[in-house]
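To start, the structure itself, in structure tokens.
The values are calculated or read from the model by the stated rules, or taken from the named source; none is laboratory data. Quantities reported herein were computed from a predicted structural model and do not represent experimental measurements. When we count neighbours, we look across all protein chains shown, and the Cβ atoms used for this are built from the backbone with ideal geometry, even at glycine. The accessibility values were calculated without ligands, DNA or RNA, using every heavy atom of the protein model including side chains. Shrake-Rupley method; radii C 1.70, N 1.55, O 1.52, S 1.80 Å.
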Amino acid sequence: MLDDLDQLVAAAISAVFGTMLNVPVLREAPGAPITNGEAHVAGSVGFIGAISGVVFVYSSASFAQRVTRGLLGMKDAEPAIEMVNDAVGEITNMVVGNIKSRLSDRGMDCMLTIPSIVRGSHFTIEPTTSTERRVCLFRCEGQQVVVEVLLRQTRTANSFAK
Amino acid sequence: MRPKILTVDDSKTIRLIVAKAFKPFDCDVVEASNGIEGLSEAAREHPDLIILDLTMPLMDGAEMLAKLKANAELKSIPVIMLTAEAGRDTVVRIARLGVRDYLIKPFKEDALIDRVGRVIELRLKGTTAVIKRFDDPLNILVVDDKPAIIELIRAGLADTVWTVHGRGTVAQAMELCAATVPDVALVSLSLPESGGFTVFQMMRTSPRMKNLPVFAMSVKTAVDEQMRAQQSGFTGIVTKPIDTEDLKSKIARALNLDTSYKYFETREGILLLKVPGNYTPNVANEIGVHLRNKISEAVDSGVDKMIVDMSQVRKADVSVIKLGLNVWQVCEELSLKQRMLGSPAVLLECRNYEETKDWHFECSFEEALAALNGGALASV
């Protein structure tokens, strides 16, 4: 559906982490996300329009805390769960907003939904029929950051897709 | 007045980042988490700037902006969009909504500060505003449909470095203000269809001009009109025919211009107060405003002698006597030695008062200097 989706995701995640947290993000080889039973926090933002879907950005809960502290300039204080949820939601919103902007420039307009958060240690994200799934793995400060994209084309997006 | 910024974003993280970004500055940041709250806060707080997200629950940024622009009281508040959506179409749509600027998430705090600083004046906490001097350039807007008045003011201010921008109509005046906010405005109340009051209201509802000193120009006898202007909140009244010396003084006071350099200087380690030949009530007021501070500053920097030069004063009355007594009192309090130079007019006036009839005046700066260096404590 989108041949360069991985590149769009990589550019978006690098822009968000680089700009907001001033930390580099490296791409990992394709594979399955690490599931070691550790608690994870996932932010999700949907997009609806010429192309529809949902993007999940997730990492371990401890890394999400570090991200929150970095965003808010907190030194050692432990951010409240609500604060971490909000920060992960906003990071996800920025990543999806960045991707959406690139799609919009190609004529694939869509609208974003409000971010939502999933927390847990044993969750999987499964696509339904006719939905394309992409998993992009990244490493940031030694921690894995996962971006999963579920895509469904709702009108003639192929004619615009690269 | 501290500028106020309203940040409207459903993400608490973004609101906290905005608050953190402006923490070093002397400004207030208020928050709202959606468009409905944003409108309510805008009406309550009347912020100088709104930083507005686009995608929010209940009421999004586009709807809030449309409602803001439809509200006569709020429509002039500048808005900077802060959004994660940066596609070409979105940017065009945002621009059409009438925003001042937009910033795309992710963003650097410095970029946000830069954008905001282009719209409102940001000052770091602990710093004070740069005090302008009377001889600094100023832009004076004069709104009057009578070119002769504009020319009279221009000629009267010709000995300053101030620039007079004359405009004959409300539209022309607001067009100039849209391009550059003047430092002070003089608005004629005799403009057709109460145009003077219209200009004033437009200025007061603009965040960029709400603190602009605006003087009403009115003929001396139009008392009702002047009363209405005062009730409306004009900074002051300038009566026609215009006394340009009085006008200069009013402008200086309204802008808190530093005029002390006109009267005070430190020469050869001595604080010198030069009283001008034409000692008007305005001059008396300006000297009076600075007197104690300038003497205190001088003492603080190690100066312990002062000379009051009244040798140029052509016409002396009780106000000159008051000045002399005032200086004497402050010098006594701060243990400053002082000597005076006087003109014949001052000497004559001094003879009329018990407190000053025995005052001694030196004939020149050098003589006063020698007397001070002789070590005698001032006795006037």
* Near pairs, Cβ below 7 angstrom, 6+ apart or cross-chain, from segment B:96-121 (in a strand (DSSP E or B) and among the hydrophobic types (A, V, I, L, M, F, W, C)) to any residue that is surrounded by 14 or more Cβ atoms within 10 Å (Cβ to Cβ) and modelled with pLDDT under 80 -> B:ILE104/B:ALA86
* Structure fact -> Selection over segment B:128-165 where residues are open to solvent by less than 20 Å² (accessible area, probe 1.4 Å) and not hydrophobic (A, V, I, L, M, F, W, C) yields a count of 2
* **Scan of segment B:284-313 for residues that are in contact with a helix residue (DSSP H, G or I) (Cβ under 6 Å, 6 or more places away or on another chain) and part of a loop (DSSP other than H, G, I, E, B), ordered by number** => B:VAL313
* To do: Might you let me know whether segment B:109-127 holds any residue that is touching a helix residue (DSSP H, G or I) at 6+ places or on another chain (Cβ under 6 Å), within 14 Å of chain A (Cβ to nearest Cβ) and open to solvent by less than 90 Å² (accessible area, probe 1.4 Å)?
  => yes
* Asked: Quick one: what pairs do we get from segment B:139-159, first residue on the phi > 0 side of the Ramachandran plot, second at pLDDT below 95, C-beta under 6 Å, 6+ apart or different chains?
  -> none
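Residues checked against (1) away from chain B (no Cβ under 13 Å); (2) touching a helix residue (DSSP H, G or I) at 6+ places or on another chain (Cβ under 8 Å); (3) on the phi > 0 side of the Ramachandran plot:
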| site | (1), (2), (3) |
| --- | --- |
| A:ALA42 | yes, yes, no |
| A:PHE47 | no, yes, no |
| A:SER52 | yes, no, no |
| A:SER60 | yes, no, no |
| A:LEU71 | no, yes, no |
| A:MET74 | no, yes, no |
| A:PRO79 | no, yes, no |
| A:MET83 | no, yes, no |
* Asked: Of the numbered conditions (1) in contact with a Gly (Cβ under 7 Å, 6 or more places away or on another chain); (2) within 14 Å of chain A (Cβ to nearest Cβ), B:LEU103 satisfies every one except a single condition; which is it?
  -> (1)
* Evaluate the following for B:GLU265: is it acidic (Asp, Glu) and modelled with pLDDT of 90 or more? => yes
* segment A:6-26, subset in contact with a strand residue (DSSP E or B) (Cβ under 6 Å, 6 or more places away or on another chain) and more than 14 Å from chain B (Cβ to nearest Cβ), residue farthest from A:VAL147 (Cα to Cα) -> A:LEU26
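Would you mind finding the one in A:SER121, A:SER101, A:SER44 that is surrounded by 20 or more Cβ atoms within 10 Å (Cβ to Cβ), farther than 23 Å from B:SER33 by Cα and not aliphatic (A, V, I, L, M)? Full working, then the answer.
On the way: A:SER121 fails: surrounded by 20 or more Cβ atoms within 10 Å (Cβ to Cβ); A:SER44 fails: farther than 23 Å from B:SER33 by Cα.
Answer to the check: A:SER101.
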* Keeping to segment B:199-219, report how many residues are touching an Asp or Glu at 6+ places or on another chain (Cβ under 6 Å) and open to solvent by less than 20 Å² (accessible area, probe 1.4 Å). => 1
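Return a yes/no flag: does segment B:346-353 have any residue that is of a type in the set (D, E, K, R) and over 35 Å from the mean Cα position of the chain (by Cα).
The first filter runs over segment B:346-353 and keeps only residues of a type in the set (D, E, K, R), leaving B:349, B:351.
If we keep only those that are over 35 Å from the mean Cα position of the chain (by Cα) as well, we get B:349, B:351.
The answer is yes, given that some residue of segment B:346-353 is of a type in the set (D, E, K, R) and over 35 Å from the mean Cα position of the chain (by Cα).
Which count do you get for residues in segment B:75-91 that are within 14 Å of chain A (Cβ to nearest Cβ) and farther than 14 Å from B:THR7 by Cβ? Quick ask: steps written out before the conclusion?
If we filter segment B:75-91 for residues that are within 14 Å of chain A (Cβ to nearest Cβ), which is where we start, we get B:81-91.
After this cut, where a residue has to be farther than 14 Å from B:THR7 by Cβ as well, the list is B:84-91.
Residues flagged as within 14 Å of chain A (Cβ to nearest Cβ) and farther than 14 Å from B:THR7 by Cβ within segment B:75-91 amount to 8.
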* segment B:177-198 - residue that is more than 22 Å from B:PRO47 (Cβ to Cβ) and under 19 Å from the mean Cα position of the chain (by Cα) and, of those, surrounded by the fewest Cβ atoms within 10 Å (Cβ to Cβ) -> B:THR180
